[in-house]
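Heads up, the thing below is written out as structure tokens.
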Amino acid sequence: MLTSTEPQLHIRTVSPVARSRGDLRILDVRDDLSRVTRINGEIVGYVDRVDIAGGTAYRARRYVAAERRFVELPNVWSADDAVDCLRW
């Protein structure tokens, strides 16, 4: 039994899963956040899960390198659609 109130450190034992969709590579950063990059490593943006009243939606945020900021795109109902928003 733990008697200490110190925070516990949990190290992820499984390496993040990388997937591809078209010319993009998707890397899970957390359970609810994925980084989308080009094959050369350039960051395109992020896709995160958003819990809303009707269920779960997905939001894409495109990285604009020239302005060093993210542009939030409209929510969609599937993670694949959110990645496609970043593709086009």
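All of the numbers you see were taken from the coordinates with simple rules; none came from a lab. Worth saying up front: this structure is predicted, and the values here are computed from it rather than measured. Ideal geometry is used to build each Cβ from the backbone, glycine not excepted, and the neighbour counts take in all protein chains shown.
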Around T56, which amide H atoms from residues at least 5 apart in sequence, or from another chain, sit under 5 Å from its own amide H, with H modelled in the peptide plane? none
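May I ask for the net charge around E42, where only other residues with Cβ less than 13 Å from the Cβ of E42 are counted and Lys, Arg are +1 while Asp, Glu are -1? It would help to have the intermediate numbers written out before the result.
On the way: positive: R25, R35, R38, R62; negative: D23.
Once positives and negatives cancel, what remains is +3.
Summing Lys, Arg as +1 and Asp, Glu as -1, what charge do residues with Cβ under 11 Å from the Cβ of D32 carry, D32 excluded? Write out the running numbers ahead of the final one.
On the way: positive: R30, R49, R59; negative: D28, D31, D48, D51.
So the surrounding residues net to -1.
If we count every other residue with Cβ under 11 angstrom of R69's Cβ, Lys/Arg +1 and Asp/Glu -1, where does the sum land?
Values: positive: R61, R62, R68; negative: E67, E72.
Value of the local net charge: +1.
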Difference of contour (0.36 nm per residue) and Cα-Cα distance, A65 to W88: 6.7 nm
